[in-house]
Amino acid sequence: MSITGMMNAAVSGLQTAQTAISTVSNNVANVNTPGYVREVVNQSPAVAGGAGVGVTVDQVQRVTNQYLEAAGYQATSQQGSASIISSLLNQAQAAFGDPSQASSYLNQLNTVFTDFTAAANDPASSLPRSQILSDLTNFLGSSQNIAGTLSGLNGQADAQIASDVGTVNQLLGQINQLNTQISTTSATQGNASGSQDSQAQLLSQLSKLMSINVATQSNGTVVVRSSTGELLAGFGGAATISYTPSVSGMGLLSVTPPMSSQSVTLQPGSGEIAGLLSLRNTIIPGVQAQLANYVSSAVNTINAAHNANTASPPQQTLTGRNTGLDLPTIVGDFQGVTNIAVTNASGNLLQQVQVNFTADTMSVNGGSAVSFTPSTFLASLNTALGGAATASFSNGALSISATAANTGVAIADSASTPSSDGGQSFSQFFGLNNLITSNQITDYNTGLKPSDANGFTPGGQISFQLSDSSGSPIASVTVAVPPASHPTMQDLLTALNAPIGGVGQYGSFSLNAQGALTFAPSQPGTTLSVTSDSTQRGLGGPSMTQLFGLGGAQQASITTSFQIRPDIAANPMNMALAQLDLSAAPNNPVVAPGDGSGAAALAAAANVQTNFGAAGNLPAMTTTVTQYAANLGGSLGQVAASADQASTAATALQTEAQTRLQSVEGVNLDQELVNLTSYQQAYNASARLLQAAQSMMSTLLNVIQ
């Protein structure tokens, strides 16, 4: 090798060692910088004519491990999802209070039933009655507060999703900008590691919000895709994500890929957004449905017992609820026997009408039976009442009013063949003597049969959104009410369940024995919500959603609608704690003053077996309302505990993933010290070679001179 070659080789060695020492210094200076990835110098020999002529720096490269980075992104996404679910579920659980405390919400109904027992022992006193109303008001008020909290959590989730989506769009834009910088720097043989470190930080933030798949290109830029492959950033552009909340349906994410105007539904996979969507689309609505199940069943159980009772003396007017149905259809579906009595202020019988719905007959004061039809029922009843009382039906509600002052109306079913429609007695079905009322339809046991007229205006439309167990949308379906030539409930069921134009591909609707319309999915976890409903039953009547309680939003809304009947709230003595006794001896009152048998029946309602539909993670069951409260508390506690465990496990997994990634990409001071020593020695060796070449050159020059 020539002296000049030696000098060139030495200079290249000095330059390479200097670059390496500078890289080590940079690593050491950034040992505590978050997101910094250590750098190494890639060297290669310089060769000319088959002989080595020195060393050259190929590039200063970041030490990365794409497998560990991908694992880190996944772990961060899972932790983001589990953490937010755990946080909001703990808030939901806190709203119900500690079930081990006697005063907690889930124990308040027990207190009400205990109050009824106390009233049975002293029915003539207003004090136990006032205590019933006070504790019942607390129960309904607490139910409304919890419903408000759950609704607020849904709103909180919606707001956080919108905020997170805004953050995602900002991150994607910044990642795209850094892609441009990295590409430009790489094209000019510059060091783009700083931009790549910043981009890695942004990708980590993005992975906390949603699942991402990252591919690094040969020029150092990245291509970011969603868990299902939609392009989010890369190839010179960034996607735009949007969120569409819905009051009655599922919240939906959509993405418009770079350089496209066509948006598609986006599945976030995991991450905070996925957790929030799961909460507002599935988990919180499930808890709302369980609460609505509990409260409405408790109300129906109490009202059923109260309708079997009467005040003492009986009320002059009994006004029922809006059933949402027409009277002939209701009467046509009734079976069994009920008795309508008019009494004076002392409880003595003035007029008795026995209605036999099975035989479609009425008899007055034990006289001969007179036939009626569903369409003539109201007129026949008014005739049978003989002026002692009058009955009317308006806007789906039945009302019976005694004519003279100081007279009242009492109703009692036959003990052997009680009246029944939709599993309810005559008075209960119409809500003639409800203790708890609502301004909307809250009992979805319509009593309708497949052969009954559906009553909905032909052409009205109802739209459904179907989602899987994670809350991700499957399909949207719009069904029209069949034409007048197909008027029955069976015709409506056929339209709803059609495989094309209906929900037949995803499940089926059916009417149960009580006339409740229920949806059974083909795949477990599939849920149905109502996004719009223009159907109407009769002129000014309810929609299908309102009549049958379709969708979680409709069912959840009833929890806040209950109140104690105003006249009873104003005067506790109007509470029905007695019972009509038509077997009383002549000249004895059929409603006895001081009778507490009705209060005892109300207390016993705590043990009545009730059918509960499936809600949230609770299956359909038959149990008492007090036991359902225990099941509800246990279910919520289990879900919250599982969420806490999942959050803890996800956090541990994230920590482990970050530790392993840091062990590869992080700065190790011991290793850097070894590297620094090696590069210093290489620098010294090159310097000595240069010095030797200089000495040789000086000696040669001296010889020539």
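A few notes on this one:
- Normalised by the number of residues in segment 461-548, the average gap of Cα pairs under 8 Å and 6 or more apart makes the relative contact order 31 percent.
- Over the residues of the chain, the helix contribution to mean residue ellipticity at 222 nm works out to -15000 deg cm²/dmol, using -39500 (n - 2.57) for each DSSP H run of at least 4.
- Projected label distance in nm at SER485 and LEU673, using a 7 Å step from Cα toward the beta-carbon: 9.4 nm
- Solvent-free Debye scattering, log10 I(q)/I(0), computed from the Cα coordinates of segment 277-396 at q = 0.13, 0.23 Å⁻¹: -0.67, -1.43
- Centre-to-centre, using Cα atoms only, segment 30-90 and segment 331-352 are separated by 85 Å.
- Cβ-based charge dipole, the chain, positive-most Cα from GLY596, ALA341, VAL503: VAL503
- Two-site FRET efficiency, SER451 against ALA94, from Cβ-Cβ distance with R₀ of 45 Å, rounded to 0.05: 0.40
- Placing unit charges on each Cβ (+1 for Lys and Arg, -1 for Asp and Glu) gives the chain a dipole about its Cα centre, and among THR221, GLY269, GLY141 the Cα reaching farthest toward its positive end belongs to THR221.
- Computed magnitude of the charge dipole of the chain (debye, nearest 20; Cβ of K, R +1, Cβ of D, E -1): 880 debye
- Segment 461-548 - Rg and Dmax from Cα coordinates, angstrom: 12.9, 40
- Each other residue within a Cβ distance under 13 Å of ALA480 adds +1 if Lys or Arg and -1 if Asp or Glu, for a net charge of -2.
- At 0.692 mPa s and 37 °C, Stokes D of the chain from Kirkwood alpha-carbon radius, µm² per second: 106 µm²/s
Read the figures in this text as sums done on the coordinates, not as results from a lab. Model, not experiment: these values are computed from the prediction. Backbone-built Cβ (ideal geometry, glycine too); neighbour counts: all protein chains shown.
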